[in-house]
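A short worksheet on the structure shown next.
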Amino acid sequence: MEHMIDSPVAVVTGAGSGLGRVIAGRLLEAGFRVAVAGRTVESLAETAGANPNALVVPTDTTSPASVAELFASVGQRWGRVDVLVNNAGTFGPVGDVDEIDVQAWLDTVSVNLTGYFLCAAEAFRMMKTQTPQGGRIINNGSISADRPRPGTAAYTSTKHAITGLTKALSLDGRKYGIACGQIDIGNAATDMTSGFAAGARQADGSVKQEPTMDATYVGDAVLQMATLPLSANVQFMTLMATNMPLIGRG
């Protein structure tokens, strides 16, 4: 059995709400030291609570300088990073492609793709040079990384791109002991998915209720990925509400 670093260090982006808060909380419960990163310090503080192993770092993941400051803070506090959970994201504009505002498209790409790249690059840089070397990057993809919902060209394009980033990081990280995996989540109950229970637009144009699942299962799944020895990796995981319309969706 490979030795796990005592109290490994994780960075979770978008940790002020939704799945990011759930993931950060689960990692803290398991004994990780966790940097909770996001835009709103008050929300991050709520995620951290009074846990002494939590570090609140207000971060704009679309800003290279802000992301660099995040990882510098983690290095100064704990000297290394073992896990990055790239989670911060936005659903973006909805409509046919000719109806999408160009700036809204660019904003979605900036958060959902460039933000992941910036955080991965900083984590990769630390993981290459730290002792012991290596670490793990976990990208929050989506069911939309494989198949789209109607009217979501911006969101779907960025999530498909995350699959490519995950594969590239996996390949480039091999010689440094850096593993990268992706979790594609379907209908976890959060503020972002609250509309699905009321009715979601289907490929045939109809609107139907869709089942959701408890978001705590996502925290458990990410913890499972994060605690594997670096000789093993969950490359892709799909975690979804059992009866959501994925199989048969196209």
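Some points to look at:
- Contact order relative to length of the chain, as percent, for alpha carbon pairs under 8 angstrom and 6 or more apart: 18 percent
- Pairs of lysine residues in the chain that meet both criteria, 8 or more places apart or on different chains and Cα atoms under 24 Å apart, total 5.
- Size descriptors for segment 120-228, from the alpha-carbon set: Rg then Dmax equal 16.7, 55 Å.
- Working value for the chain: equivalent-ellipsoid semi-axes of 30, 19, 18 Å, each the square root of 5 times a Cα gyration tensor eigenvalue, largest first.
- Beta bridges by DSSP in the chain, antiparallel share as percent, to the nearest 5: 5 percent
- Highest-MSF residue in the chain out of LEU118, LEU55, LEU106 [GNM, Cα springs under 10 Å]: LEU106
- Acute angle (nearest 10 degrees) that the helix 115-129 long axis makes with the longest principal axis of the chain, alpha-carbon atoms: 20 degrees
- Mean residue ellipticity, 222 nm, helices only, the chain: the sum of -39500 (n - 2.57) across DSSP H runs of n ≥ 4, divided by residue count and rounded to 500, is -12000 deg cm²/dmol.
- Each label was represented as a point 7 Å from its Cα along the Cα-to-Cβ direction; for VAL41 and SER7 these points are 2.5 nm apart.
Values in this text are rule-based calculations from the coordinates and carry no lab data. The model shown is predicted, which means the values in this text are computed figures rather than measured ones. In this analysis, Cβ positions are derived from the backbone assuming ideal geometry, glycine residues included, and neighbour counts consider all displayed protein chains.
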